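J.: Before I ask anything, here is the structure I am working with.
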Amino acid sequence: MASLYKAVSGTKRRRDESTNEESSEVQNRQRVLLLSSRGVTFRQRHLINDLSVMFPHAKKDSKFDSKSKLYQLNELADLYNCNNVLFFEARKRQDLYLYLAKAPNGPTAKFHIQNLHTMSELNFTGNCLKGSRPILSFDKEFDETPHYQLIKELLLHIFGVPKTARKAKPFIDHVVSFSIADNKVWFRNYQITEAIDTAGAEGSTTIDEDEDAQKLSKKKQRTLSLVEIGPRFVMTLISIIEGSFSGPLIYENKEYVSPNVVRSQFKLGKASVKSKRAVQVEGKKVKKAVRERERREKGLDPLSDSVLFG
């Protein structure tokens, strides 16, 4: 009898139509695996913790041991049911590299992180809700070159928090900014603050209470402003690989200089300065020895004080 009633009333048909409408909508199902290699310093570890707080759709894993077999991260992402990987690789306890990868088919972008500052050391006054969704702001230069267009798409998938994330809050109270300057990607995080301007809303005693409230509400104006929260860092693009942590190289930054080369050049400069000083000291010693020998060969001067008054 109940099935006959549903068939006559059409409730089952309405339910099927609503499910079809929900399935037709595009759903953002991005999940991010966040992890680092061994050897990270305390500042780098705090930066990773700050980013994990910003990602309610991320799953954080323990440190990855191997630095040569990065393709194993695809299997790890499959175990955690993630389709994006954010991997931090530390080298020599002073250099930090970032991998943005789409698992399991790629592509993968490799960056060198510089000038990183965590939220704890910046001490900014801004604050945002934990798990809130951000507004992503991109510089117009991201649309001018193909490799920056690809990087923009990777950043959208990783930093864009979906509505259906389990730990996401239904609020948007901060802006994540990506700008390009000096061929580098600059990351900044700002809080959206809202203030009510009540200037000139003093009111008068001769107006009724309802009219006074309406007048005050008209004079009140809401102003929006941005307050930086942190963290902040700069990313220098090194290369882009077609696959996920493997595959052919499709882009390489020719202007990138490795920090090892910079340190070696700095040491060579200091060594050249020391060698010049050593050559000058040796030259002074040689000149002094030559003068001493010439004086011994000439003997005593007959007009010297020791001969005349000796």
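J.: Please give the contour-minus-distance gain from residue 222 to residue 76: 0.36 nm per residue of separation, less the Cα-Cα distance, rounded to one decimal in nm.
T.: Fully extending the segment from residue 222 to residue 76 adds 47.8 nm.
J.: Here is a follow-up. Arranged from highest to lowest average of other beta-carbon atoms within 10 Å per residue, in what order do the peptides 281-288, 36-43, 148-155, 63-70 appear?
T.: Per-residue Cβ counts within 10 Å, averaged per peptide and sorted highest first, yield 148-155, 36-43, 63-70, 281-288.
J.: Mind checking the per residue accessible area of the stretch 33-134 for me, 1.4 Å probe, whole number of Å²?
T.: Using a 1.4 Å probe on heavy atoms only, each residue of the stretch 33-134 averages 47 Å².
J.: Note the per residue figure in Å³ for the convex hull of the C-alpha positions in the stretch 75-165. Please list the in-between numbers first.
T.: Numbers: hull volume 14.6 nm³, N = 91.
Convex hull of Cα atoms, per residue: 160 Å³.
J.: Then there's this: What distance in nm separates the two pseudo spin-label positions at residue 167 and residue 145, each 7 Å out from Cα along the beta-carbon direction?
T.: That separation, rounded to one decimal, is 3.5 nm.
The values are calculated or read from the model by the stated rules, or taken from the named source; none is laboratory data. Keep in mind that this is a model prediction, so the values were computed, not measured. With ideal geometry, Cβ positions are generated from the backbone for all residues, glycine too; neighbour counts draw on all protein chains shown. Areas reflect the complete protein model, heavy atoms only, side chains present, ligands, DNA and RNA absent. Shrake-Rupley method; radii C 1.70, N 1.55, O 1.52, S 1.80 Å.
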